[in-house]
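Notes for the one structure printed next.
Bear in mind that the values in this text are calculations on the coordinates, not laboratory data. Nothing here was measured: the structure is a model prediction, and the numbers come from that model. Every residue, glycine among them, receives a Cβ derived from its backbone with ideal geometry; neighbour counts consider all protein chains shown.
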Amino acid sequence: MTKLQIGIMGSAADLKYSNEALSFAKRLGRLIAESNNILVYGAEKDYTSLSTEAAKVASSYGGITVGVAGGKKGIIYGNYKPTILINSGLEVGGGREFTLVSSCDVIIVIAGGSGTLNEICVAYQAGIPIITIDRFSGWARKLTNRYLDTRKRIKCLKASSEEEALKIAIKEGEKKYENSKC
């Protein structure tokens, strides 16, 4: 089977996410690596995030990580470098989110502020499955089991545990992949 590109979207450090959310993201990163799929995330230059922390753990377990950075220089937070770094040439809060989400077969959302909401909207418009974690504050909790508008394109699917999130992501990603074959 094809390796799925599973996006992890979530709160940046300036949103002061909980230690529980951080532990969740790290465990999810490990599970994605162990499932032999690819973790895609937004590579930040000024601070860490739940997504970056998930990617760091995935790498430590031999997983492939793809970081989509804003701008042209590939400047990323700290010393962590993903397996593959994509310099989108676009700004964070602008076009970078489109490139990031469009590179995913499915996204898993943990907490999240305005940038994460932007990523959710891109996924919704593109028909990319969205799995939301209902245990933490932010947009993930607010949108769990909901549609973004009355068109009801795709529902944000609820997951409560790391294992459940990955199981749903694989199921939805494989379904999307099968439906896209010519």
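State which entries of Lys142/Lys176; Lys56/Lys176; Lys56/Lys142; Lys81/Lys175 exceed 29 angstrom in Cα-Cα distance in the structure shown.
Values: Lys142/Lys176 24 Å; Lys56/Lys176 27 Å; Lys56/Lys142 27 Å; Lys81/Lys175 31 Å.
Violating the 29 Å Cα-Cα cut-off are Lys81/Lys175.
Label separation (Thr48 vs Asp134): 3.0 nm, computed from points 7 Å beyond Cα along the C-beta direction.
Each Lys and Arg contributes +1 and each Asp and Glu -1, all at the Cβ; summed about the Cα centre of the range 5-180, the dipole is approximately 240 debye. Here Lys45 is the anchor, and the aspartates and glutamates within straight C-alpha reach of less than 15 Å, apart from those fewer than 8 places off in the same chain, are Asp14, Glu53, Glu91, Glu97. Taking θ as phi - 60° and the Karplus parameters 6.51, -1.76 and 1.60, the scalar couplings of the range 100-110 work out to 4, 5, 5, 8, 10, 7, 7, 10, 10, 10, 10 Hz in sequence order, x denoting glycine and proline. May I ask you to derive the FRET efficiency for Tyr61 and Ala13 from their Cβ-Cβ distance with R0 = 25 Å, giving the value to the nearest 0.05? Computed FRET efficiency for Tyr61 and Ala13 comes out at 0.65.
Across the range 32-38, computed HN-Hα scalar couplings (Karplus, 6.51 cos²θ - 1.76 cosθ + 1.60, θ = phi - 60°) run 5, 4, 5, 7, 6, 9, 10 Hz from first to last residue, x flagging Gly and Pro. Subtracting the Cα-Cα distance of Lys167 and Arg146 from 0.36 nm times their residue separation leaves 5.6 nm of extension gain.
For the chain, what is the calculated [θ] at 222 nm in deg cm²/dmol (nearest 500), taking -39500 (n - 2.57) for each run of four or more DSSP H residues and dividing by its residue count?
On the way: 6 runs with 71 residues, N = 182.
Calculated mean residue ellipticity at 222 nm is -12000 deg cm²/dmol.
Candidates Val57, Thr83, Thr150 compared by Cα position along the dipole of the chain: farthest toward the positive end lies Thr150, with charges placed on Cβ. Here each label is just a point 7 Å from Cα along the line to Cβ, and for Ala126 and Arg153 those points are 1.1 nm apart. Going from the fewest other Cβ atoms within 10 Å to the most, the residues Thr150, Thr65, Thr2 appear in the order Thr150, Thr2, Thr65. Taking the average, over residues, of other Cβ atoms within 10 Å as the packing measure, peptides 152-158, 25-31 rank 25-31, 152-158 from highest down. Of all lysines in the structure, those lying under 17 Å Cα to Cα from Lys171, and not within fewer than 8 positions of it along the same chain, are Lys3, Lys155, Lys158, Lys181. Taking amide H positions as modeled 1.01 Å from N, with prolines and chain starts lacking one, the residues under 5 Å from Lys158 and 5 or more places away or on another chain are Thr132, Asn145.
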